[in-house]
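The values are calculated or read from the model by the stated rules, or taken from the named source; none is laboratory data. Computed from a predicted structure; not experimentally measured. Positions of Cβ are generated from backbone atoms using ideal geometry, with glycine treated the same way; all protein chains shown enter the neighbour counts. These area figures cover heavy atoms from the full protein model, side chains too; ligands, DNA and RNA do not enter into them. Shrake-Rupley method; radii C 1.70, N 1.55, O 1.52, S 1.80 Å.
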Amino acid sequence: MTDLDALREEIVTANRILADNRVVDSFGHISVRHPDHADRFFLSRARAPEQIVAGDIMEFALTGEILGPDPMPGKPYSERFIHGAIYEARPDVQAVVHNHSPSVIPFSVTKVPMKPIMHMSAPIGSDIPNWDIADKFGDCTNLLVTSMEMGRDLAAALGHRTVTLMRGHGSTVVGTSVRQVVFTSVYMELNADMLLRARDLGEVTYLSDGEIETITKARSGFTLERGWENWCLKAGRPYVPGSNETGPGYSQTDKS
Ligand SMILES: [Zn+2]
């Protein structure tokens, strides 16, 4: 198996994990930047994440143009511009998840801020913008990001951050690896669900910016790997150990 074949299998696994953890349902997608060509990315054909197989993975230019394979396995996602525009704006980003994570949506249609309340969720950050497609494209769109112009506007709203909400639609999460973006996405959904319930009980104490910074800096490959292994096996996918399983940031916090 070539490295790119292994990457396609990893994308399949990521789709299954995201589905298994309610981040995506029949809709939503994850892409990965091409490891050898920074101006290309991999993304499945338009298919429910739980059904995706390696043969569904397509290759795109950042502008959304289809580069392969030939013949195409099927129709591409109409929202592939989310991914391309973010890779274009953010050289540091290697993987992108776009989702309609159900517990997150309420925060996109209200003024209630979505912030981390639990240590595992710290990577979502405390400064999460809410991109509203209507601000630039009017109130008669179908809310989908179907052009580079829309994708670039979304990428500008995301800025240097990890997450942006998308009003009445969902959210987009970025990361420096597949494992990291999946981890952040899973804990974003859990955090939103917990936050909705905490608000019913009373006043909420969020993580402080200092706590978020400390946790995010200390988080290592070991923590991501521990989640990834468990989620792979739960989703019925083979676990292939990552290269940084015992990264230098391994700490007491990570073992909790
Ligand atoms: Zn969408």
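Could you work out the helix-only [θ] at 222 nm for the chain, with each DSSP H run of four or more residues adding -39,500 (n - 2.57) and the total divided by the number of residues, to the nearest 500 deg cm²/dmol? Intermediate results must be reported in sequence, preceding the final value.
Working: 9 runs with 100 residues, N = 256.
Computed mean residue ellipticity for the chain: -12000 deg cm²/dmol.
Calculate what fraction, in whole %, of the accessible area of the chain sits on carbon and sulfur atoms when a 1.4 Å probe is rolled over the protein chains.
52 percent
Charges on Cβ only, +1 for Lys and Arg, -1 for Asp and Glu, centred on the Cα centroid of region 127-256; of 165, 146, 230, which one is farthest towards the dipole's positive end?
Of 165, 146, 230, it is 230.
Working with all protein chains in place, sort 234, 217 by solvent-accessible area computed with a 1.4 Å probe, largest first. Walk me through the numbers on the way to the answer.
Details: 234 125, 217 160 Å².
Output order, biggest surface exposure first: 217, 234.
Okay, which of region 163-201 sit inside 19 Å, backbone N to the point 7 Å along the Cα-Cβ direction of residue 135?
Backbone N within reach: 163-174.
Lysine pairs in the chain with Cα distance under 24 Å, only those 8 or more apart or on different chains: how many are there?
Numbers: 111/136; 115/217; 115/255; 217/255; 234/255.
Going through the chain pair by pair, I get 5.
Count the net charge of all other residues whose Cβ sits under 12 Å from the Cβ of residue 98, scoring Lys and Arg as +1 and Asp and Glu as -1.
Net local charge, residue 98 excluded: 0.
What ranking of 150, 1 comes out by heavy-atom accessible area, probe 1.4 Å, highest first?
Details: 150 25, 1 170 Å².
In descending accessible area the options line up as 1, 150.
How large is the convex hull of the Cα atoms of region 60-125 per residue, expressed in Å³ as a whole number? Let's see the in-between values first.
On the way: hull volume 9.6 nm³, N = 66.
About 145 Å³ per residue, rounded to a whole number.
For the chain, what is the charge dipole size about the Cα centre, in debye to the nearest 20, if Lys and Arg each add +1 at the Cβ and Asp and Glu each add -1 at the Cβ?
Values: 25 positive and 33 negative charges, 77 e Å.
It comes to approximately 360 debye.
Expressed as a whole number of Å, what is the distance separating the alpha-carbon centroids of region 175-234 and region 70-85?
So the separation of the two Cα centres works out to 28 Å.
Where Lys and Arg each count +1 and Asp and Glu each count -1, what net charge lies around residue 150 among other residues with Cβ under 15 Å from its Cβ? Numbers along the way, then the final one.
Working: positive: 80, 136, 152, 167; negative: 79, 88, 132, 135, 139, 149, 153.
Cβ neighbours under 15 Å give a net charge of -3.
Can you pull the accessible area of residue 119 for me, 1.4 Å probe, Å² to the nearest 10?
We get 70 Å² for residue 119.
How much accessible surface area, in Å² rounded to 10, belongs to the heavy atoms of residue 144 with a 1.4 Å probe?
We get 50 Å² for residue 144.
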